[in-house]
Amino acid sequence: MATSSAWKLDDHPKLPKGKTIALIVLDGWGESAPDEYNCIHNAPTPAMDALKHGAPDTWTLIKAHGTAVGLPSEDDMGNSEVGHNALGAGRIFAQGAKLCDLALASGKIFEGEGFKYVSESFDTHTLHLVGLLSDGGVHSRIDQLQLLIKGSAERGAKRIRVHILTDGRDVLDGSSVGFVETLEADLVNLRENGVDAQIASGGGRMYVTLDRYENDWEVVKRGWDAQVLGEAPHKFKNAVEAVKTLRKEPSANDQYLPPFVIVDDSGKAVGPIVDGDAVVTFNFRADRMVMHAKALEYEDFDKFDRVRFPKIRYAGMLQYDGELKLPNRYLVSPPEIDRTSGEYLTHNGVSTFACSETVKFGHVTFFWNGNRSGYFNEKLEEYVEIPSDSGISFNAQPKMKALEIGEKARDAILSGKFDQVRVNIPNSDMVGHTGDIEATVVACEAADLAVKMIFDAIEQVKGIYVVTADHGNAEDMVKRDKSGKPALDKEGNLQILTSHTLKPVPIAIGGPGLSKGVRFRKDLETPGLANVAATVMNLHGFVAPDDYEPTLIEVVE
């Protein structure tokens, strides 16, 4: 393939080209002190243990949260999207929450074309705000919603309806009540000042609206029925009552609350979405908004019977899929991630195989490539998606598709067709999110088996492996008090942690193809995920562009 001078990478003077590299991302695999709540420590993981306790120069820890991945502060958990953006881009870009914070703080969010578009409905119709109600900071934040409501009211919104989705995944289960009470207090204040503002519907995030990667359209349909049709199996006069009542059901939790609608004294839904209304989905993270956005925006749609398709003015907080231009309107412009490592390597003739199961397939393709769908060069790339289990919670099948991913990677390595084989193994994250400790241990064991399968293939072709993670999760499955001890709720029950963590993640390199003298540098103060791209470029025999975060490796005599 011809390479223009603008894309030409310099050869690395001490590292040869031509070795097959397996690049493995263990999703949700952080590093924490060993105890009974560290599922990674408690699982049989001989492949990963051998790296940690092997050569000290080829295993280290890197940051995967906060400013290292473009988020506002060190209190912000990393997530799979920003993690894979950083891994693929090799540089740190302002991300999701930070972009929105800047736009809200400056007021620019209310000056952009997206807000102007939805505000054309303010005089005679309703503004609907749909999204995850919590302060988890992974998909959304309640303070951003509050600012959006306040700014919209100040700019002419006369009738506002909020469609809430309770969390319990990125925040503690049961915290939904407090968030709803906070929002209700704001809406009462607006009503006292002449704005007709109410919560209109709700439901749990894993059961209503927020599915991803077309895994289960019934989840989106439940949200559609409540938000657009004003129909749900549960009806209440106010949202605080709704959440408190539904949480009393056996085995109820915030993540899986059934859909509900708020009704007036006559039993009529207070806020269905109708022709002429404006709709803003206020999540800033993309993955759990894309399917809902398709239902709101696509006239040609066959995933479920929408019954009616209102003519609305719709905008996302951000654009959730740049390739699909979905949604077409948005309040905050996305980060412009250019010149990703995958694009550079493809332009320099490096052939790539990328694979994961459905729930993380976009992470080793779309997010890795700077929020870009499709191939850079179909002749040099092959992307394989393995369908995820649907209709069940991930702890019901904690092995997920780890072994299938391992087999696909093994076959790609042994085929000799690819210079890089890139995979994401999702188990420790997806099962960790369920809060099921026993199942998460099984999940970590399955992930390790897949890693071993890939290592064995690399051994056969005398290649190189790089194994890392995108953020923490399974290494600490309990909420902790200020002293670091497991926290208990008011009833004395252990508070299980279902969210990501602030822990660092491991990275290890090795394999028979690794040149003698290659080791991790000791002079980088706080290396993070963005340093991985230059490292992988080096291992392919190239020097990364000057503006990339510095490589993690050096070659010593």
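The values are calculated or read from the model by the stated rules, or taken from the named source; none is laboratory data. Not measured: the values here are computed from a predicted model. Positions of Cβ are backbone-derived with ideal geometry, glycine not excepted, and every protein chain shown enters the neighbour counts. Only protein heavy atoms, including side chains, enter the accessible area calculation; ligands, DNA and RNA are left aside. Shrake-Rupley method; radii C 1.70, N 1.55, O 1.52, S 1.80 Å.
Condition check for Ala315 on (1) closer than 16 Å to Thr209 by Cβ; (2) crowded, with 19+ Cβ neighbours inside 10 Å: one failure, at (1).
Entry remark, the stretch 311-341: residues being touching a helix residue (DSSP H, G or I) at 6+ places or on another chain (Cβ under 9 Å), in a loop (DSSP other than H, G, I, E, B) and over 30 Å from Glu381 (Cα atoms) number 2 in total.
When Thr434 is tested against (1) buried (at least 20 other Cβ atoms within 10 Å of the Cβ); (2) among the polar types (S, T, N, Q); (3) within 30 Å of Tyr344 (Cα to Cα), just one condition goes unmet, and that condition is (3). The conditions of being modelled with pLDDT of 95 or more and over 22 Å from the mean Cα position of the chain (by Cα) are met by Arg521. Considering the stretch 9-30, the residues that are of a type in the set (D, E, K, R) and in a loop (DSSP other than H, G, I, E, B) include one that is surrounded by the most Cβ atoms within 10 Å (Cβ to Cβ), namely Asp27. Taking the stretch 467-483, which residues are among the polar types (S, T, N, Q) and open to solvent by less than 10 Å² (accessible area, probe 1.4 Å)? The answer is Thr468, Asn473. Residue count for the stretch 300-322 satisfying the condition of being under 21 Å from Glu111 (Cα atoms) and β-branched (Val, Ile, Thr): 1. When you check Tyr344 against the structure, is it of a type in the set (Ser, Thr, Tyr), free of Cβ contacts under 8 Å to residues at least 40 places away in the same chain and in contact with a helix residue (DSSP H, G or I) (Cβ under 8 Å, 6 or more places away or on another chain), yes or no? No. Of the residues making up the stretch 34-83, those that are part of a loop (DSSP other than H, G, I, E, B) and either within 25 Å of the chain's Cα centre (by Cα) or among the β-branched types (Val, Ile, Thr) (or both) number 16. Report, by residue number, each residue of the stretch 539-557 that is part of a strand (DSSP E or B) and surrounded by 15 or more Cβ atoms within 10 Å (Cβ to Cβ). Matches in the stretch 539-557: Phe542, Val543, Ile553, Glu554.
Looking only at the stretch 397-407, how many residues end up being surrounded by fewer than 24 Cβ atoms within 10 Å (Cβ to Cβ) and in contact (Cβ under 8 Å) with a residue 12 or more places away in the chain? Break it down into steps so the answer makes sense when it comes.
Filtering the stretch 397-407 down to residues surrounded by fewer than 24 Cβ atoms within 10 Å (Cβ to Cβ) leaves 397, 399, 403-404, 407.
Cutting the leftovers down to in contact (Cβ under 8 Å) with a residue 12 or more places away in the chain gives us 399, 403-404, 407.
So the answer is 4.
Among the residues making up the stretch 123-149, those that are out of contact with any strand residue (DSSP E or B) (no Cβ under 7 Å at 6 or more places or on another chain) and of a type in the set (A, V, I, L, M, F, W, C) are Val138, Leu147. Every listed requirement among (1) under 25 Å from Gly342 (Cα atoms); (2) of a type in the set (S, T, N, Q); (3) open to solvent by 50 Å² or more (accessible area, probe 1.4 Å) is met by Gln420 save one, (3).
Residues to consider are Ala103, Ala86; find the one that is touching a residue at least 24 places away in the same chain (Cβ under 8 Å), within 17 Å of Val332 (Cβ to Cβ) and in a helix (DSSP H, G or I). Let's see the steps before the verdict.
On the way: Ala86 fails: within 17 Å of Val332 (Cβ to Cβ).
Exactly one residue qualifies, and that residue is Ala103.
Determine whether Gly54 is under 15 Å from Ala530 (Cβ atoms) and either open to solvent by 20 Å² or more (accessible area, probe 1.4 Å) or touching a residue at least 12 places away in the same chain (Cβ under 8 Å) (or both). No: the conditions fail for Gly54. Among residues belonging to the stretch 441-466 that are out of contact with any strand residue (DSSP E or B) (no Cβ under 7 Å at 6 or more places or on another chain) and within 17 Å of Gly30 (Cα to Cα), point out the one that is most open to solvent (accessible area, probe 1.4 Å). Among residues in the stretch 441-466 that are out of contact with any strand residue (DSSP E or B) (no Cβ under 7 Å at 6 or more places or on another chain) and within 17 Å of Gly30 (Cα to Cα), the one most open to solvent (accessible area, probe 1.4 Å) is Glu445. The conditions of being open to solvent by 20 Å² or more (accessible area, probe 1.4 Å) and in contact with a Leu (Cβ under 7 Å, 6 or more places away or on another chain) are not met by Lys325.
For (1) touching a residue at least 60 places away in the same chain (Cβ under 8 Å); (2) over 29 Å from Val332 (Cβ atoms); (3) open to solvent by less than 10 Å² (accessible area, probe 1.4 Å), each residue gets a yes or a no:
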position: Ser251; (1), (2), (3): no, yes, no
position: Asp254; (1), (2), (3): yes, no, yes
position: Leu257; (1), (2), (3): yes, no, yes
position: Phe260; (1), (2), (3): no, yes, yes
position: Gly271; (1), (2), (3): yes, no, yes
position: Ala278; (1), (2), (3): yes, no, yes
position: Thr281; (1), (2), (3): yes, no, yes
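Among the criteria (1) within 25 Å of His125 (Cα to Cα); (2) open to solvent by 10 Å² or more (accessible area, probe 1.4 Å); (3) touching a strand residue (DSSP E or B) at 6+ places or on another chain (Cβ under 6 Å), the one Arg306 does not fulfil is (3). Does the stretch 365-376 include one or more residues that are in contact (Cβ under 8 Å) with a residue 60 or more places away in the chain and under 23 Å from Met206 (Cα atoms)? Yes; the residues of the stretch 365-376 include at least one that is in contact (Cβ under 8 Å) with a residue 60 or more places away in the chain and under 23 Å from Met206 (Cα atoms). Of everything listed in (1) at pLDDT below 95; (2) part of a helix (DSSP H, G or I), the single unmet condition for Gly484 is (2).
Go over the candidates Ala43, Ala33 one by one and state the one that is closer than 30 Å to Glu438 by Cβ and surrounded by fewer than 16 Cβ atoms within 10 Å (Cβ to Cβ). Show your work before the answer.
Values: Ala43 fails: surrounded by fewer than 16 Cβ atoms within 10 Å (Cβ to Cβ).
Exactly one of Ala43, Ala33 is closer than 30 Å to Glu438 by Cβ and surrounded by fewer than 16 Cβ atoms within 10 Å (Cβ to Cβ), namely Ala33.
In this structure, does Thr209 turn out to be polar (S, T, N, Q) and touching a Leu at 6+ places or on another chain (Cβ under 7 Å)? Spell out how you get there, then give the answer.
Values: polar (S, T, N, Q): yes; touching a Leu at 6+ places or on another chain (Cβ under 7 Å): yes.
Yes, satisfied.
For Ser266, the conditions (1) more than 24 Å from Asp170 (Cα to Cα); (2) of a type in the set (S, T, N, Q); (3) surrounded by 24 or more Cβ atoms within 10 Å (Cβ to Cβ) all hold with the exception of (3).
For the stretch 505-525, the condition holds for no residue, the condition being that it is closer than 30 Å to Gly435 by Cβ, part of a loop (DSSP other than H, G, I, E, B) and out of contact with any Phe, Trp or Tyr (no Cβ under 8 Å at 6 or more places or on another chain).
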